[in-house]
């Protein structure tokens, strides 16, 4: 169980950020398509380069634990911007009738981005990661959502 306790947080961090390096590689390999998408932004070439840097650097920081909170905050901001700028589901008139189409696809992508924001936010705010042993020993316990301040202890009842 010690092996699992030691490596579960690492594996979960990898799962959380694994798509970003592949997204960066896609932008590099398919530069013309990425530039076309970025053309709606100011300074599209700069934005493309910055997005590649963010998608390559922040996952490394998060997985390695080196400035992981800052990296998670930056990546969460990137996810918010990506959701708002590239997945504007609200603009598609078909979306409001809940019909299959581009609007509905953008809606799901928008929500997935905010799901990632939630996971990254937990890295930013989490005071510590529980071990797998603790979670298995107390499967019905809850984590503290609010009301706990830095320095206060929390128990798994």
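Every read-out reported here was derived from the displayed coordinates using simple, explicitly stated rules and does not represent laboratory data. Treat the numbers as computed from the prediction; the structure is a model and nothing was measured. All Cβ positions, glycine included, derive from the backbone under ideal geometry; neighbour counts span all protein chains shown.
Some observations on this one:
- For segment 116-142, the candidate set comprises residues that are in a loop (DSSP other than H, G, I, E, B) and free of Cβ contacts under 8 Å to residues at least 12 places away in the same chain; within that set, the residue that is surrounded by the most Cβ atoms within 10 Å (Cβ to Cβ) is 126.
- Filter result for residue 41 (in a loop (DSSP other than H, G, I, E, B), touching a helix residue (DSSP H, G or I) at 6+ places or on another chain (Cβ under 7 Å) and in contact (Cβ under 8 Å) with a residue 40 or more places away in the chain): yes
- Qualifying residue in segment 3-11 (condition: touching a helix residue (DSSP H, G or I) at 6+ places or on another chain (Cβ under 6 Å) and closer than 25 Å to residue 87 by Cα): no
- Tally, over segment 77-104, of residues that are in contact with a helix residue (DSSP H, G or I) (Cβ under 9 Å, 6 or more places away or on another chain), in contact (Cβ under 8 Å) with a residue 12 or more places away in the chain and surrounded by 13 or more Cβ atoms within 10 Å (Cβ to Cβ): 13
- Subset of segment 1-23 that is in contact (Cβ under 8 Å) with a residue 24 or more places away in the chain, part of a helix (DSSP H, G or I) and under 14 Å from the mean Cα position of the chain (by Cα) - its residue that is farthest from residue 136 (Cα to Cα): 23
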